[in-house]
1. What full-extension length gain, to one decimal in nm, is calculated for Asp306 and Glu126 as 0.36 nm per residue of separation minus the Cα-Cα distance?
2. Explain nothing, just the number: dipole magnitude of region 326-388 about its Cα centre with +1 on each Lys and Arg Cβ and -1 on each Asp and Glu Cβ, in debye rounded to the nearest 20.
3. Using a simple spin-label model with points 7 Å from Cα along the Cα→Cβ vector, what separation in nm is obtained for Glu363 and Cys188?
4. Label Ile101 and Lys65 with points 7 Å out from Cα along Cα→Cβ: what is the distance between them in nm?
5. In whole Å, what is the distance between the alpha-carbon centres of region 275-307 and region 350-374?
6. What order do Arg367, Arg133 take when sorted by accessible area (1.4 Å probe), most exposed first?
7. Could you give the alpha-carbon Rg of region 326-388 over 2.2 N^0.38 Å, rounded to two decimals?
8. Counting Lys and Arg as +1 and Asp and Glu as -1, what is the net charge of the other residues whose Cβ lies under 11 Å from the Cβ of Phe52?
Amino acid sequence: VWSPPPPPAAAARGPGAVALLSPHRMEASCLELALEGERLCKAGDFKAGVAFFEAAVQVGTEDLKTLSAIYSQLGNAYFYLKEHGRALEYHKHDLLLARTIGDRMGEAKASGNLGNTLKVLGRFDEAAVCCQRHLSIAQEQGDKVGEARALYNIGNVYHAKGKQLSWNASNATQDPGHLPPDVRETLCKASEFYERNLSLVKELGDRAAQGRAYGNLGNTHYLLGNFTEATTFHKERLAIAKEFGDKAAERRAYSNLGNAHVFLGRFDVAAEYYKKTLQLSRQLRDQAVEAQACYSLGNTYTLLQDYERAAEYHLRHLLIAQELADRVGEGRACWSLGNAYVSMGRPAQALTFAKKHLQISQEIGDRHGELTARMNVAQLQLVLGRLTSPAASEKPDLAGYEAQGECQGCGGVGVLLPTGTDRIGSGSWQKMFFLASGTAQA
């Protein structure tokens, strides 16, 4: 038997407050409050919108379809406010009410919303069940738009689950494509549902949805190590982003194309894509993305053995990180600058940045970074001590310098630089990885 959730502020109002309104006035008041909540949410003021929706629930209504819509909108508003527990609560109420009144389309909608919320909470298997129910009802009702949306959401669930499994299995140190069987199987499922979604939205002529599908297919194939396929999909994503004048999606496509070309060994092409990413990030006034683009360019020019330009971009990254008070980014930039100056045979400058990396690692509690920095500082001090001795050679010997893995907290882009004075291509550089944008960012 369905019963509505208790109004959050009912106690403050008193048990007889709702009874003061006539049924007609109660209906009108509830609807007016809900419409104002909807207007506020559409304007982006979700917090105020929630207050009106909550008030509408407190007033109450005998129209159960209206109440279902209010629950749905409350769930969506809480989702955007990142209060996912509350969102889950209201979407569950919506689902139960839709079933009670026999509203199959309402049940499909509530199931989809529940699936998206459960996905964000990391409850992937439950999310897949809800999204599959959405798909089944949409197919039963002949709702092609709903079917396409459900296919896309199921793809998102498997994509998110695959990424989470991958991170858990590898502790984020594995290159794309080097995946345990369960991760590969999960990502292949994501790709299958995105393909089905793409086929259907093409049939429906929905270009915006096609763009999203292409982007997510590119991201999924990137994680699977299918870098040529990834570039094909991201180029399609780029074309549709340009068609719609969607600069943010265009920027993401350029970044993802750069990432894929790194793994194809086309570092020069990757650099050109990252430059376009940088240009668009400035147009969008997104300093965090600008910093990331500078970092990617620094890593790419390292692979191209152009250490002067690598240092230039890492320095630009450092300045933006300082401006944003991003201590993790600042430490990452110092680590990268130390490596760049080692590669240029300039240990004094490298030591300056290694010491700064050590200081920041200690401040933010990064034990891995601190260990790396201590080793690098000690090695550089040893090298500089040799240089000041009477028997010092003209060229510093930096063969013992350790670039000990990726700087922690790199937020999506890392590079392990060559050990010592070996150069890229000699087999001594071990790992470089760039993570694709998430499914919500296709």
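1. Details: separation 180, 0.36 × 180 = 64.80 nm, distance 4.90 nm.
Taking 0.36 nm per residue and subtracting the Cα distance, the gain is 59.9 nm.
2. Dipole size: approximately 220 debye.
3. With each label placed 7 Å out from Cα toward Cβ, I get 4.8 nm.
4. Between Ile101 and Lys65, the label points sit 0.7 nm apart.
5. Each part's Cα centre sits 23 Å from the other's.
6. Numbers: Arg367 170, Arg133 60 Å².
The most accessible residue leads, giving Arg367, Arg133.
7. Here the Cα radius of gyration is 1.05 times the empirical estimate.
8. Local net charge: -3.
The values are calculated or read from the model by the stated rules, or taken from the named source; none is laboratory data. Please read all numbers here as calculations on a predicted model, not as lab measurements. Reconstructed Cβ throughout: ideal geometry from the backbone, glycine too, with neighbour counts over all protein chains shown. All accessible areas refer to the heavy atoms of the entire protein, side chains included, with ligands and DNA or RNA removed. Shrake-Rupley method; radii C 1.70, N 1.55, O 1.52, S 1.80 Å.
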